[in-house]
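Novice: Following this message is one structure expressed as C-alpha coordinates.
The values are calculated or read from the model by the stated rules, or taken from the named source; none is laboratory data. Because the structure is a prediction, the values reported are computed rather than measured. Counting neighbours? That spans all protein chains shown, and the Cβs are built from the backbone with ideal geometry, glycine included. The protein model used for the area step is the full one, side chains on, heavy atoms only, and it has no ligands, DNA or RNA in it. Shrake-Rupley method; radii C 1.70, N 1.55, O 1.52, S 1.80 Å.
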Amino acid sequence: MTRIEMHTAGGGTAVTVRGLAKHFGTTKALDGVDLEVREGTVMGVLGPNGAGKTTLVRILSTLLAPDAGHAVVAGYDVVRQPRLLRRVIGLTGQYASVDEKLPGWENLYMIGRLLDLSRKDSRARADELLERFSLTEAARRPASTYSGGMRRRLDLAASMIGRPAVLYLDEPTTGLDPRTRKEVWNEVRSMVGDGVTVLLTTQYMEEAEQLASELTVIDHGKVIAGGAIDELKARVGGRTLAVRPVDPLQLRPLAAYLDELGITGLAATAVDPQTGTVRVPVLSDEQLTAVVGAVTARGVTVASITTELPSLDEVFLSLTGHRADAAPATAPTTARSTDREEVAA
(Lines give C-alpha, C1' and ligand atoms only; values in the text may rest on other atoms or scores of the structure.)
Protein backbone atom coordinates (compact mmCIF):
# COMPACT_ATOMS: atom_id res chain seq x y z
CA MET A 1 0.00 0.00 0.00
CA THR A 2 1.40 3.39 -0.91
CA ARG A 3 1.43 6.07 1.70
CA ILE A 4 -1.63 8.31 1.76
CA GLU A 5 -0.41 11.83 1.22
CA MET A 6 -1.42 14.44 3.76
CA HIS A 7 -4.40 16.38 2.48
CA THR A 8 -3.23 19.83 3.51
CA ALA A 9 -5.13 23.04 3.10
CA GLY A 10 -1.77 24.83 3.20
CA GLY A 11 0.86 26.44 5.36
CA GLY A 12 2.69 23.43 6.77
CA THR A 13 0.23 23.05 9.65
CA ALA A 14 -0.77 19.47 10.41
CA VAL A 15 -3.28 20.13 13.21
CA THR A 16 -5.45 23.21 13.73
CA VAL A 17 -7.85 23.44 16.67
CA ARG A 18 -10.14 26.41 17.32
CA GLY A 19 -12.46 26.88 20.28
CA LEU A 20 -12.79 23.17 21.01
CA ALA A 21 -15.19 22.41 23.86
CA LYS A 22 -16.52 19.24 25.46
CA HIS A 23 -18.75 19.04 28.52
CA PHE A 24 -19.78 16.03 30.59
CA GLY A 25 -22.77 17.27 32.54
CA THR A 26 -21.53 20.35 34.36
CA THR A 27 -17.89 19.34 33.99
CA LYS A 28 -15.99 21.25 31.31
CA ALA A 29 -13.43 18.72 30.10
CA LEU A 30 -12.39 21.16 27.33
CA ASP A 31 -13.31 24.81 27.50
CA GLY A 32 -12.39 26.58 24.27
CA VAL A 33 -9.03 25.03 23.37
CA ASP A 34 -6.93 26.53 20.55
CA LEU A 35 -3.94 24.64 19.20
CA GLU A 36 -1.67 24.44 16.16
CA VAL A 37 0.90 21.76 15.34
CA ARG A 38 3.43 22.25 12.55
CA GLU A 39 4.11 19.38 10.16
CA GLY A 40 7.00 17.10 11.06
CA THR A 41 7.28 18.29 14.68
CA VAL A 42 6.33 17.06 18.14
CA MET A 43 3.79 19.14 20.03
CA GLY A 44 3.80 18.31 23.74
CA VAL A 45 0.48 18.75 25.51
CA LEU A 46 1.27 19.05 29.19
CA GLY A 47 -1.20 19.00 32.04
CA PRO A 48 -2.18 17.32 35.32
CA ASN A 49 -4.66 14.50 35.69
CA GLY A 50 -8.09 15.81 34.76
CA ALA A 51 -6.77 18.64 32.60
CA GLY A 52 -8.49 17.41 29.42
CA LYS A 53 -5.55 15.90 27.53
CA THR A 54 -7.13 12.57 26.66
CA THR A 55 -10.45 14.22 25.81
CA LEU A 56 -8.56 16.35 23.28
CA VAL A 57 -6.86 13.29 21.76
CA ARG A 58 -10.13 11.37 21.54
CA ILE A 59 -11.80 14.24 19.69
CA LEU A 60 -8.87 14.68 17.30
CA SER A 61 -8.90 10.94 16.56
CA THR A 62 -12.70 10.98 15.86
CA LEU A 63 -13.53 8.81 18.89
CA LEU A 64 -15.49 11.59 20.55
CA ALA A 65 -17.57 14.42 19.12
CA PRO A 66 -16.94 17.98 20.36
CA ASP A 67 -19.77 20.15 21.71
CA ALA A 68 -18.35 23.29 20.11
CA GLY A 69 -15.44 24.53 18.02
CA HIS A 70 -13.75 22.75 15.16
CA ALA A 71 -10.53 20.91 14.36
CA VAL A 72 -8.72 20.09 11.12
CA VAL A 73 -6.08 17.34 11.03
CA ALA A 74 -4.01 16.68 7.91
CA GLY A 75 -6.51 18.81 6.01
CA TYR A 76 -9.59 16.84 7.14
CA ASP A 77 -12.33 18.12 9.41
CA VAL A 78 -12.61 15.77 12.40
CA VAL A 79 -16.41 15.96 12.45
CA ARG A 80 -17.34 16.17 8.77
CA GLN A 81 -14.63 13.88 7.34
CA PRO A 82 -13.91 11.22 9.99
CA ARG A 83 -13.56 8.27 7.60
CA LEU A 84 -10.96 10.04 5.48
CA LEU A 85 -9.14 11.31 8.55
CA ARG A 86 -8.82 7.85 10.10
CA ARG A 87 -6.75 6.74 7.11
CA VAL A 88 -3.97 9.24 7.87
CA ILE A 89 -3.72 9.13 11.66
CA GLY A 90 -2.38 6.70 14.25
CA LEU A 91 -3.09 6.47 17.97
CA THR A 92 -1.26 4.95 20.91
CA GLY A 93 -3.10 5.32 24.20
CA GLN A 94 -1.98 5.08 27.79
CA TYR A 95 -2.26 1.30 27.81
CA ALA A 96 -1.25 -1.24 25.16
CA SER A 97 -4.29 -2.13 23.04
CA VAL A 98 -2.95 -5.20 21.24
CA ASP A 99 -4.64 -8.60 21.49
CA GLU A 100 -2.60 -10.44 24.11
CA LYS A 101 -3.76 -13.88 22.90
CA LEU A 102 -2.26 -13.32 19.46
CA PRO A 103 1.46 -13.34 18.62
CA GLY A 104 3.03 -10.01 17.84
CA TRP A 105 3.24 -10.73 14.13
CA GLU A 106 -0.43 -11.71 13.89
CA ASN A 107 -1.46 -8.54 15.72
CA LEU A 108 0.27 -6.40 13.11
CA TYR A 109 -0.90 -8.52 10.18
CA MET A 110 -4.52 -8.30 11.41
CA ILE A 111 -4.33 -4.52 11.69
CA GLY A 112 -2.88 -4.30 8.20
CA ARG A 113 -5.80 -6.29 6.80
CA LEU A 114 -8.28 -4.11 8.73
CA LEU A 115 -6.65 -1.11 7.06
CA ASP A 116 -7.30 -2.69 3.64
CA LEU A 117 -3.71 -3.66 2.94
CA SER A 118 -3.34 -6.73 0.74
CA ARG A 119 -2.17 -9.98 2.32
CA LYS A 120 1.25 -9.50 0.77
CA ASP A 121 1.57 -5.90 1.96
CA SER A 122 0.27 -6.76 5.43
CA ARG A 123 2.89 -9.49 5.80
CA ALA A 124 5.67 -7.23 4.56
CA ARG A 125 4.61 -4.35 6.80
CA ALA A 126 4.39 -6.62 9.87
CA ASP A 127 7.89 -7.98 9.19
CA GLU A 128 9.27 -4.49 8.62
CA LEU A 129 7.89 -3.01 11.82
CA LEU A 130 8.80 -5.97 14.00
CA GLU A 131 12.39 -5.55 12.85
CA ARG A 132 12.31 -1.78 13.33
CA PHE A 133 11.00 -2.11 16.90
CA SER A 134 13.40 -4.98 17.77
CA LEU A 135 10.63 -7.54 18.16
CA THR A 136 11.54 -10.03 15.42
CA GLU A 137 12.72 -12.74 17.83
CA ALA A 138 9.41 -12.53 19.75
CA ALA A 139 7.25 -12.28 16.61
CA ARG A 140 5.60 -15.69 17.02
CA ARG A 141 5.11 -15.53 20.77
CA PRO A 142 1.76 -14.48 22.27
CA ALA A 143 1.77 -10.82 23.27
CA SER A 144 0.80 -11.91 26.79
CA THR A 145 4.37 -13.17 27.24
CA TYR A 146 5.88 -9.77 26.35
CA SER A 147 7.36 -7.44 28.93
CA GLY A 148 5.74 -4.04 29.47
CA GLY A 149 8.29 -2.36 27.25
CA MET A 150 7.84 -4.92 24.48
CA ARG A 151 4.07 -4.48 24.57
CA ARG A 152 4.48 -0.72 24.33
CA ARG A 153 6.80 -1.10 21.33
CA LEU A 154 4.30 -3.47 19.72
CA ASP A 155 1.55 -0.93 20.33
CA LEU A 156 3.66 1.77 18.67
CA ALA A 157 4.33 -0.54 15.75
CA ALA A 158 0.59 -1.17 15.42
CA SER A 159 -0.07 2.56 15.24
CA MET A 160 2.43 2.83 12.36
CA ILE A 161 1.00 0.05 10.15
CA GLY A 162 -0.96 2.51 7.99
CA ARG A 163 1.98 4.94 7.67
CA PRO A 164 0.13 7.78 9.44
CA ALA A 165 0.85 11.39 8.66
CA VAL A 166 -0.21 12.40 12.19
CA LEU A 167 0.38 10.24 15.26
CA TYR A 168 -1.26 10.78 18.67
CA LEU A 169 0.71 9.51 21.65
CA ASP A 170 -1.41 9.74 24.80
CA GLU A 171 1.00 9.36 27.74
CA PRO A 172 2.83 6.57 25.88
CA THR A 173 5.41 5.81 28.58
CA THR A 174 3.13 5.65 31.62
CA GLY A 175 4.33 2.90 33.93
CA LEU A 176 7.51 2.12 31.98
CA ASP A 177 10.94 1.88 33.57
CA PRO A 178 13.51 4.57 32.64
CA ARG A 179 15.39 2.37 30.15
CA THR A 180 12.26 1.33 28.28
CA ARG A 181 11.03 4.91 28.32
CA LYS A 182 14.20 5.99 26.54
CA GLU A 183 13.72 3.22 23.97
CA VAL A 184 10.26 4.58 23.22
CA TRP A 185 11.68 8.10 22.93
CA ASN A 186 14.19 6.89 20.35
CA GLU A 187 11.39 5.35 18.29
CA VAL A 188 9.38 8.57 18.44
CA ARG A 189 12.41 10.54 17.22
CA SER A 190 12.81 8.05 14.38
CA MET A 191 9.15 8.51 13.38
CA VAL A 192 9.52 12.29 13.34
CA GLY A 193 12.66 11.85 11.26
CA ASP A 194 10.47 10.03 8.73
CA GLY A 195 8.20 13.07 8.53
CA VAL A 196 5.46 12.04 10.95
CA THR A 197 3.78 14.79 12.97
CA VAL A 198 3.31 13.84 16.64
CA LEU A 199 0.93 15.19 19.24
CA LEU A 200 2.22 13.93 22.59
CA THR A 201 0.38 14.19 25.89
CA THR A 202 2.50 13.62 28.96
CA GLN A 203 2.95 14.34 32.64
CA TYR A 204 6.68 13.68 32.50
CA MET A 205 8.67 16.90 32.30
CA GLU A 206 11.78 15.10 31.06
CA GLU A 207 9.75 13.47 28.30
CA ALA A 208 8.43 16.84 27.13
CA GLU A 209 11.93 18.32 27.08
CA GLN A 210 13.39 15.32 25.26
CA LEU A 211 10.80 15.10 22.49
CA ALA A 212 8.73 18.25 22.06
CA SER A 213 9.75 21.27 20.00
CA GLU A 214 6.79 23.21 21.38
CA LEU A 215 4.47 22.88 24.37
CA THR A 216 0.83 23.60 25.07
CA VAL A 217 -0.04 23.65 28.77
CA ILE A 218 -3.64 22.72 29.62
CA ASP A 219 -5.28 23.01 33.01
CA HIS A 220 -8.99 22.58 33.83
CA GLY A 221 -9.82 22.30 30.15
CA LYS A 222 -8.16 25.57 29.12
CA VAL A 223 -4.88 26.39 27.41
CA ILE A 224 -2.95 28.48 29.91
CA ALA A 225 0.36 28.78 28.05
CA GLY A 226 2.11 27.72 24.87
CA GLY A 227 5.29 28.10 22.88
CA ALA A 228 8.84 26.81 22.70
CA ILE A 229 10.15 25.32 25.95
CA ASP A 230 12.84 27.97 26.41
CA GLU A 231 10.25 30.71 25.81
CA LEU A 232 8.03 29.32 28.56
CA LYS A 233 10.96 29.06 30.93
CA ALA A 234 12.01 32.64 30.25
CA ARG A 235 8.43 33.83 30.73
CA VAL A 236 8.00 32.54 34.26
CA GLY A 237 11.34 32.80 35.99
CA GLY A 238 14.09 34.65 34.23
CA ARG A 239 17.53 33.12 34.54
CA THR A 240 20.02 32.11 37.20
CA LEU A 241 23.67 33.02 36.78
CA ALA A 242 25.99 30.45 38.35
CA VAL A 243 29.45 31.89 39.10
CA ARG A 244 32.12 29.38 40.17
CA PRO A 245 35.26 30.96 41.61
CA VAL A 246 38.55 29.09 41.40
CA ASP A 247 38.95 29.56 45.17
CA PRO A 248 35.96 28.11 47.12
CA LEU A 249 36.80 30.44 50.04
CA GLN A 250 35.60 33.34 47.88
CA LEU A 251 32.04 31.96 47.63
CA ARG A 252 30.47 33.69 50.64
CA PRO A 253 32.39 36.99 50.36
CA LEU A 254 31.40 37.21 46.69
CA ALA A 255 27.74 36.52 47.46
CA ALA A 256 27.73 39.17 50.20
CA TYR A 257 29.41 41.66 47.87
CA LEU A 258 26.83 41.16 45.13
CA ASP A 259 23.99 41.54 47.63
CA GLU A 260 25.51 44.80 48.90
CA LEU A 261 25.61 46.20 45.37
CA GLY A 262 21.89 45.49 44.96
CA ILE A 263 22.26 44.62 41.28
CA THR A 264 19.46 42.06 41.34
CA GLY A 265 17.06 44.17 43.39
CA LEU A 266 15.27 42.26 46.13
CA ALA A 267 16.39 38.84 44.86
CA ALA A 268 19.18 37.49 47.07
CA THR A 269 22.16 35.51 45.87
CA ALA A 270 22.69 31.98 47.16
CA VAL A 271 25.79 29.92 47.85
CA ASP A 272 25.82 26.30 46.67
CA PRO A 273 28.79 24.59 48.35
CA GLN A 274 28.19 21.30 46.52
CA THR A 275 28.74 22.85 43.09
CA GLY A 276 31.06 25.57 44.39
CA THR A 277 28.95 28.33 42.83
CA VAL A 278 27.30 31.60 43.74
CA ARG A 279 23.83 31.56 42.19
CA VAL A 280 22.48 34.94 41.18
CA PRO A 281 18.91 35.46 39.87
CA VAL A 282 18.88 37.80 36.86
CA LEU A 283 15.81 39.09 35.05
CA SER A 284 17.46 41.00 32.21
CA ASP A 285 20.56 41.11 30.04
CA GLU A 286 21.51 44.36 31.77
CA GLN A 287 21.52 42.65 35.17
CA LEU A 288 23.57 39.77 33.79
CA THR A 289 26.16 42.19 32.37
CA ALA A 290 26.27 44.11 35.66
CA VAL A 291 26.90 40.94 37.69
CA VAL A 292 29.73 39.82 35.40
CA GLY A 293 31.25 43.33 35.60
CA ALA A 294 31.00 43.33 39.39
CA VAL A 295 32.72 39.94 39.64
CA THR A 296 35.52 41.23 37.39
CA ALA A 297 35.85 44.46 39.41
CA ARG A 298 36.11 42.44 42.60
CA GLY A 299 39.18 40.71 41.17
CA VAL A 300 37.73 37.22 41.58
CA THR A 301 39.36 34.55 39.42
CA VAL A 302 36.47 32.65 37.87
CA ALA A 303 36.53 29.01 36.77
CA SER A 304 33.17 29.23 34.97
CA ILE A 305 30.06 31.32 34.53
CA THR A 306 26.88 29.67 33.25
CA THR A 307 23.26 30.74 32.88
CA GLU A 308 20.36 28.44 33.64
CA LEU A 309 16.67 28.70 32.82
CA PRO A 310 14.05 27.39 35.27
CA SER A 311 13.27 23.68 35.02
CA LEU A 312 10.09 22.60 33.27
CA ASP A 313 8.81 21.44 36.68
CA GLU A 314 9.22 25.00 37.97
CA VAL A 315 7.51 26.39 34.88
CA PHE A 316 4.50 24.14 35.33
CA LEU A 317 4.26 24.87 39.04
CA SER A 318 4.41 28.59 38.35
CA LEU A 319 1.73 28.42 35.66
CA THR A 320 -0.75 26.14 37.42
CA GLY A 321 0.04 26.29 41.12
CA HIS A 322 0.52 22.52 41.30
CA ARG A 323 2.69 19.77 39.87
CA ALA A 324 1.83 18.03 36.58
CA ASP A 325 1.22 14.71 38.32
CA ALA A 326 -1.16 16.19 40.86
CA ALA A 327 -4.90 15.73 40.70
CA PRO A 328 -7.07 18.80 40.02
CA ALA A 329 -8.40 20.70 43.01
CA THR A 330 -12.00 19.77 42.25
CA ALA A 331 -12.89 16.39 40.84
CA PRO A 332 -15.76 15.93 38.35
CA THR A 333 -19.03 15.16 40.11
CA THR A 334 -21.67 14.81 37.41
CA ALA A 335 -20.11 12.79 34.61
CA ARG A 336 -21.94 9.86 33.03
CA SER A 337 -20.26 6.53 33.70
CA THR A 338 -19.40 6.07 30.03
CA ASP A 339 -17.57 9.39 30.03
CA ARG A 340 -15.41 8.89 33.09
CA GLU A 341 -12.35 7.87 31.09
CA GLU A 342 -12.40 11.12 29.14
CA VAL A 343 -12.92 13.27 32.22
CA ALA A 344 -10.21 11.49 34.17
CA ALA A 345 -7.51 12.36 31.70
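Novice: Before I look further, what does the stretch 14-111 give for accessible area per residue, probe 1.4 Å, in whole square angstrom?
Specialist: Counting only protein heavy atoms, the per-residue value for the stretch 14-111 is 40 Å².
Novice: Work out which trypsin sites (Lys or Arg not before Pro) in the chain are exposed loop sites (DSSP not H, G, I, E or B, at most 13 other Cβ within 10 Å) and give the longest gap free of them.
Specialist: Between the exposed loop sites, the longest stretch runs 141-322.
Novice: Report the far tail of the P(r) of the stretch 141-287, meaning the percent of Cα-Cα pairs longer than 20 Å.
Specialist: 64 percent
Novice: Quick one: with all protein chains in place, what share of the accessible area of the chain is carbon or sulfur, to the nearest percent (1.4 Å probe)?
Specialist: With neighbouring chains kept in place, the figure for the chain is 50 percent.
Novice: Hey, another quick one. Keeping to pairs on different chains or 8 or more places apart, tell me how many lysine pairs in the chain have Cα atoms under 17 Å apart.
Specialist: 5
Novice: Tell me what the chain gives for mean residue ellipticity at 222 nm when only DSSP H runs of n ≥ 4 count, each as -39,500 (n - 2.57), the sum divided by the residue total, rounded to 500 deg cm²/dmol.
Specialist: Dividing the helical sum by the residues of the chain leaves -10500 deg cm²/dmol.
Novice: First measure r as the distance between the Cβ atoms of V271 and S134, then evaluate 1/(1 + (r/R0)^6) with R0 = 41 Å and state the FRET efficiency to the nearest 0.05.
Specialist: Efficiency at R0 = 41 Å is approximately 0.30.
Novice: Express in nm, to one decimal, how much length is gained between I224 and R123 on full extension, taking 0.36 nm for each residue of separation and deducting their alpha carbon distance.
Specialist: Extra length available between I224 and R123 comes to 31.8 nm.
Novice: Compute the Rg to Rh ratio over the stretch 148-226 from the alpha carbon atoms, using the Kirkwood formula for Rh, and round to two decimal places.
Specialist: Rounded to two decimals, Rg/Rh equals 0.96.
Novice: Quick one: accessible area per residue over the stretch 230-316, 1.4 Å probe, rounded to a whole number of Å²?
Specialist: 55 Å²
Novice: Restricting things to alpha carbons, tell me how big the stretch 83-158 is in terms of Rg and Dmax, in Å.
Specialist: My reading of the Cα-based Rg and Dmax gives 11.9, 35 Å.
Novice: So, taking all protein chains as they sit and a 1.4 Å probe, how much accessible area belongs to S97, in Å² rounded to tens?
Specialist: About 90 Å², ignoring ligands and nucleic acids.
Novice: Tell me, what is the FRET efficiency for L283 and W185 to the nearest 0.05, using R0 = 35 angstrom and their Cβ-Cβ distance as r?
Specialist: 0.60
Novice: Next question, about the same structure. Output the direction-averaged projected area (hull surface divided by four) of the convex hull of the alpha-carbon atoms of the chain, in nm².
Specialist: Directional mean of the projected Cα hull area for the chain stands at 21.1 nm².
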